[in-house]
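The values are calculated or read from the model by the stated rules, or taken from the named source; none is laboratory data. Keep in mind that what you see is a predicted model, and the values were worked out from it rather than measured. Note that each Cβ is placed from the backbone with ideal geometry, even for glycine, and that neighbours are counted across all protein chains shown.
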Amino acid sequence: MPEIHINYLAVLVAAIVNMVIGVLWYSVLFGKKWLSIMKFSEEKLKARKKGVWVVYLASFIGALVMSYVLAHIVDFVQATTVYEGAMSGLWIWIGFIITTSLGGILFEGRPKGLYFLNNGYHFASLIIMGIILAVWV
């Protein structure tokens, strides 16, 4: 197995970018749509804001893990260009995100709109993370 070289600063930045994309995606870009799909009232939304730092911390840890694993894949396939980084993110999205999240629709009865909204976020995030990890050497 080839030796993997990880740029830990790039991993950290890609994880931060993932979080920024998430904040923009679920607020400015599609916040109203997400609230509508989730059927959240103002009261329920306010109640969820208590202890929200725990949610953000857990999400950031997840983003760090995803970025670290994606960095391994990017290095393993020797992606070094914007295109190659984007393709790395794209193939991870196709192979692991849209396939595994499909169970939420099929078995859990979640709304199809939520599937598309969440997977759109993961698509954008993984593409940009892949680019960051590929070109930042």
If you check Val69, Val65, Val74, which single one turns out to be in a helix (DSSP H, G or I), farther than 27 Å from Leu35 by Cβ, in contact (Cβ under 8 Å) with a residue 40 or more places away in the chain and under 18 Å from the mean Cα position of the chain (by Cα)?
-> Val74
Among the residues of the range 60-69, is there at least one that is β-branched (Val, Ile, Thr), over 15 Å from Asn7 (Cα atoms) and surrounded by 13 or more Cβ atoms within 10 Å (Cβ to Cβ)?
-> no
Just to be sure, is Val55 of a type outside the set (Gly, Ala, Ser) and modelled with pLDDT under 95?
-> yes
Which numbered condition trips up Ser59, out of (1) under 15 Å from the mean Cα position of the chain (by Cα); (2) closer than 17 Å to Ile127 by Cβ; (3) among the hydroxyl-bearing types (Ser, Thr, Tyr)?
-> (2)
Among the residues of the range 28-40, how many are surrounded by fewer than 10 Cβ atoms within 10 Å (Cβ to Cβ) and not in a helix (DSSP H, G or I)?
-> 1
Say we look at the range 104-117 and pick out the residues that are touching a residue at least 24 places away in the same chain (Cβ under 8 Å) and part of a helix (DSSP H, G or I); which of these is farthest from Met1 (Cα to Cα)?
-> Gly113
Tell me which residues, restricted to the range 77-103, are outside any loop (DSSP other than H, G, I, E, B) and either in contact with a Pro (Cβ under 7 Å, 6 or more places away or on another chain) or crowded, with 16+ Cβ neighbours inside 10 Å (or both).
-> Glu84, Gly85, Ala86, Met87, Ser88, Gly89, Ile92, Trp93, Ile97
Looking only at the range 17-27, which residues are at pLDDT 95 or above and surrounded by fewer than 16 Cβ atoms within 10 Å (Cβ to Cβ)?
-> Val20, Val23, Leu24
Can you run down the residue pairs with Cβ atoms below 9 Å, 6 or more apart or on separate chains, where the first is in the range 118-137 and farther than 12 Å from Val17 by Cβ and touching a residue at least 24 places away in the same chain (Cβ under 8 Å) and the partner is of a type in the set (Gly, Ala, Ser) and outside any helix (DSSP H, G or I)?
-> Asn119/Ser101; His122/Ser101; Ala134/Ala79; Val135/Ala79
Would you check if there is a residue in the range 5-15 being of a type in the set (Phe, Trp, Tyr), modelled with pLDDT under 95 and surrounded by fewer than 14 Cβ atoms within 10 Å (Cβ to Cβ)?
-> no
Identify, please: which residue in the range 77-94 is under 14 Å from the mean Cα position of the chain (by Cα) and not polar (S, T, N, Q) and is, among those, farthest from His5 (Cα to Cα)?
-> Ile94
